[in-house]
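Accompanying notes for the structure given below.
A short reminder: the numbers here are calculations on the coordinates, not readings from a lab. These numbers were taken from a predicted model, which means no experiment stands behind them. So basically every Cβ, Gly included, is an ideal-geometry build from the backbone, and we count neighbours across all protein chains shown.
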Amino acid sequence: MKNEYLPKTAPAPPPVADRDFRISSACGVTGIMNRSGGLFSGGDIFESICNMKERGNGLGSGFAAYGIYPDFGNQWCFHVMYDTEKSLAETEEYLKKKFELIHCEPIPTKNVKNIGYRPLLRRYFMNINKRAQREFYRNISDEDYVIRCVMEINSTIRNACVFSSGKNMGIFKGVGEPDDIGEFYRIKEYKAYIWTAHNRFPTNTAGWWGGAHPFGLLDWSVAHNGEISSYGINRRYLENFGYKCSFYTDTEVIAYLFDLLVRKHGIPLERVGNILAAPFWSSIERIEDRKEKELLKKLRIVYASALINGPFAIIVANANCMFGLNDRVKLRPLVCAEKKDFLYIASEEAAIRQVCKKPDRVWMPPGGEPTIGRVKNKKSNRNRPHYG
Amino acid sequence: MAKGKNYSQFLVGRDDGRCVKCQACVRVCSNEVHSYDGKTDSIRSDSSKCVGCHFCEEICPTEAISIERNKSQLRKNANWTQDAVYNIVRQAKSGGMLLTGMGSDKNFKNYFDRIVLNASQVTNPSMDPLREPMELKTFIGSKPERVAVDRPGKLMKQLEIATPIMFSAMSFGSISLNACKSLAKAAADFGTFWNTGEGGLHRDLERYSSNAIVQVASGRFGVNSEYLEKAAAVEIKIGQGAKPGIGGHLPGEKVSAEISRTRMIPEGTDAISPAPHHDIYSIEDLKQLVFALKEATLYKKPVGVKISAVNNVAPIASGIVRAGADFVVIDGIRGGTGAAPLVTRDNVGIPIELAVAVVDERLRQEGIRHKASVIAAGGFRSSADVIKAVALGADAVYIGTAALVSLGCHLCQKCYTGKCNWGIATQDEALTKRLNPETGARQAYNLLRAWSMEIKELLGGMGINAIESLRGNRDNLRGIDLDENELKILGIKHAGQ
């Protein structure tokens, strides 16, 4: 079913897209990972997300893939979209100052009938310019430097948007049905060990390519179904730590929360659920293990502003793992399955069964209980960061 | 010159058909409005003495009495209001400052009334607090920026409150012991805190001391190590919303034996709290007092600082947090008092809505918001005001006037006279015994319960099931009839945006 409201050939990019205000959206999410680290093509994730077309309305879909750029495994890879030539020139000038460009090319795409307008799409493989890195801060980690650069481009260069900024991974997204976006980006030609995908049903009509999901920062990617009622305070909380929320999406906030909690504060992934979808006080009271009780209480008190309230189902990935989580009362669907080394997380069981007819196990994780798949084989991932 | 008669603000009406001349009104009125004339078997009422507390009206068994505003009006004048004229008349007679009680009754722009709340529709589900858990539990105190999961360690002591509402500082002296007991018991029963004010901790209130925040104010009345030890938290009082920049004065005639013992001053002497703390002439001095109190309490209790909301409230609050306070109380211009000069109460300070918004924002900008909780105070009339203050950034609110109204107060603003017919703002035994602490506690408890339920209902409507997700969440607020600057200060959008 194609969306008839979507212009077939749009003359110009939508000038006020959802970049400038927050809109809510419902969605379908799916993720597949090979826990032994073996690479597999994007065919499965394509099939899986296309089986949930009902959950979107053609105003945004996307894919995240890990392990796709082994030739540039040590380089930071930015995927950038430009709505104007001018923003491209400006951004490239900025990148040249801040990074050493190793390789730059258009992101390969295919002409697809249903995708009329598309922005200029480029990818850059880069090393950090060490001198520029120390310009403002004597000690700034590579990751924090990259975040600063991404935030600066996204918040100051109009019409440019860095939508992927990790290593050996990439996000591909745009306005369209998942099958069209998948075809457009030639998803099936990539091989990765973790794939996630997203299909969007935003409540506004102006679709902006940067507003599609998954959302990425460093090698985090977030595919998210839900609307966060706590957005206002989550955003203000993150601003304390220097995160600029320039997209006004819930998903952006989730990505930054993961970066803050896991990378900066060293919270183990297993504990992230205790913060983002914290157990109720009454459940904490019932815990007998005194140490566990104290810890949960402490996490809730200290990270009160990081609690994500309202319905959500998220699939978060980084180079080492895939992570599924529901809100504390499970107001959005999320199903998990596994078959040998493969772990599947999706909004619907049908999306899993589409690509894995007979899983070894299928389960529905309760609200607030994370499902975590970790990559066992380190070889496939040469740039394993220290976190996660 | 014609002899001026006392202007009556109220007219005491009596329905003679209903009045059975039981003389209850004659006996109860502390202002001696009513008198019985045996010769004519009639009751007369001197309206000029009436303060409008409505006590006689409420206790009259036959509903014969009605207190109405005096219809007699001066010529209408937008500048020279009736109050302005009669205040001059009073001052021309007395040559003194005009005193008053409770919070300002001036018509300041009320921002709470111009802020509306959000609710969930379609894209996320609203929640029903009758069926889903809805959490109001709040922790007051300093929190670390992060938790090291692998390293066990305790948080600094926090005040755990079941609802983001506490009773604000009202001393034994400014209010009666029965009123203190009512509030203390209600707070303890509900799981929140009450505040001793600068009145010391009376021995009858010691059993509620684990729910008490004790004040250390400029007069240091009642402060000793036992007082600090028994309390749950300590609050340094710098200022009060009703009278920023000035101290307090409990006249000697109110300093009874009980008050004298509790405040540790001789019976019958004036209890004067100086305008400043004479050991705090600057922020570094405040830091010393904060840490002196922390030392004295072995770092086991939160130590907070209460200030009135004034022009530079944001940087002042930031300085207070940097001086080591675990919580900051901001008291707005509508905050109440037992006694204050009218001119101060009605003209000094800024509204709490604006103050709490700028304080929360400033602490966030400086990255120190986690170091202290923010408590807002000053004129909270309903659960809606509370939830809006929380959404603007307060961790909790203090209620004073609302709590007293739950005990019977009818806001006649005559607290300073000590003749409170409701037995609240008085030390006269005949009057204080009218307030039964058990009944008072039940009513104050009911108020906390009712407001908490309403807050849960509003939270659920927004699709939020824990109060911390609303705290500082200004996206859930919209302004109506506010200009751009006001919206900017409040950090909210206009309705429709």
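For the reader, a short list of remarks on this structure follows.
- Structural descriptor for region A:25-374: relative contact order 25 percent, calculated from alpha carbon pairs under 8 angstrom and at least 6 residues apart.
- Normalising the average separation of contacting C-alpha pairs (under 8 angstrom, six or more residues apart) by the number of residues puts the relative contact order of region B:9-72 at 49 percent.
- A:Glu294-B:Ala84 pseudo-label distance in nm [points 7 Å out on the Cα-to-Cβ vector]: 6.5 nm
- Farthest toward positive dipole pole in region B:56-199 [+1 Lys/Arg, -1 Asp/Glu at C-beta], among B:Thr192, B:Asn124, B:Ala92: B:Ala92
- Share of Cα-Cα pairs in chain B lying beyond 35 Å, as whole percent: 36 percent
- Relative contact order for chain B, counting Cα pairs under 8 Å that sit 6 or more residues apart, in percent: 20 percent
- Packing around the peptides B:92-105, B:441-454, taken as the average count of other Cβ atoms within 10 Å per residue, puts them in this order, highest first: B:441-454, B:92-105.
- Pairs of alpha carbons in region B:221-310 separated by more than 15 Å make up 66% of all such pairs.
- Local net charge near B:Ser260, Cβ-Cβ under 11 Å (Lys/Arg +1, Asp/Glu -1): +1
- Considering only Cα atoms, the convex hull volume of region A:218-272 works out to 94 Å³ per residue.
- Angle of helix B:82-94 to the longest C-alpha principal axis of chain B, folded into 0 to 90 degrees and rounded to 10: 70°.
- Within region A:203-244, backbone nitrogen closer than 12 Å to the virtual label 7 Å beyond the Cα of B:Glu145 toward Cβ: A:240-242
- Distance between modelled label sites at B:Lys49 and B:Leu74, nm, 7 Å Cα→Cβ extension: 2.6 nm
- Here chain B carries DSSP beta bridges of which approximately 40% are antiparallel, counting only pairs with both residues inside.
- Antiparallel DSSP beta bridges within region B:238-348, percent to nearest 5: 40 percent
- Distance between the 7 Å Cα→Cβ label points at B:Asn107 and B:Asn485: 2.2 nm.
- Sites B:Ala275 and B:Glu229 - FRET efficiency at Förster radius 22 Å, r taken between beta-carbons, to 0.05: 0.15
- For the protein assembly as shown, alpha-carbon Rg over 2.2 N^0.38 Å: 1.12
- Karplus-derived 3J(HN,Hα), 6.51/-1.76/1.60, for each residue of region A:137-154, Hz, glycine and proline x: 10, 5, 10, 10, 5, 4, 4, 5, 5, 4, 4, 4, 5, 4, 5, 5, 5, 5
- Distance violations [Cα-Cα > 19 Å] among A:Lys298/B:Lys388; B:Lys181/B:Lys230; A:Lys291/B:Lys154; B:Lys157/B:Lys230; A:Lys297/B:Lys237; B:Lys237/B:Lys488: A:Lys298/B:Lys388; A:Lys297/B:Lys237; B:Lys237/B:Lys488
- Spherically averaged projected area in nm², based on the convex hull that wraps the Cα atoms of region B:9-72: 4.1 nm²
- Karplus-derived 3J(HN,Hα), 6.51/-1.76/1.60, for each residue of region A:85-97, Hz, glycine and proline x: 5, 4, 5, 5, 4, 4, 5, 5, 5, 5, 4, 5, 6
- Full-extension gain in nm, A:Asn111 to A:Lys357, via 0.36 nm per residue minus C-alpha separation: 85.4 nm
- Radius ratio Rg over Rh of chain A, counting only Cα atoms, Kirkwood formula for Rh: 0.95
- Label-zone membership for region B:170-194, site B:Arg207, 7 angstrom Cα→C-beta point, backbone N under 20 Å: B:172, B:176-194
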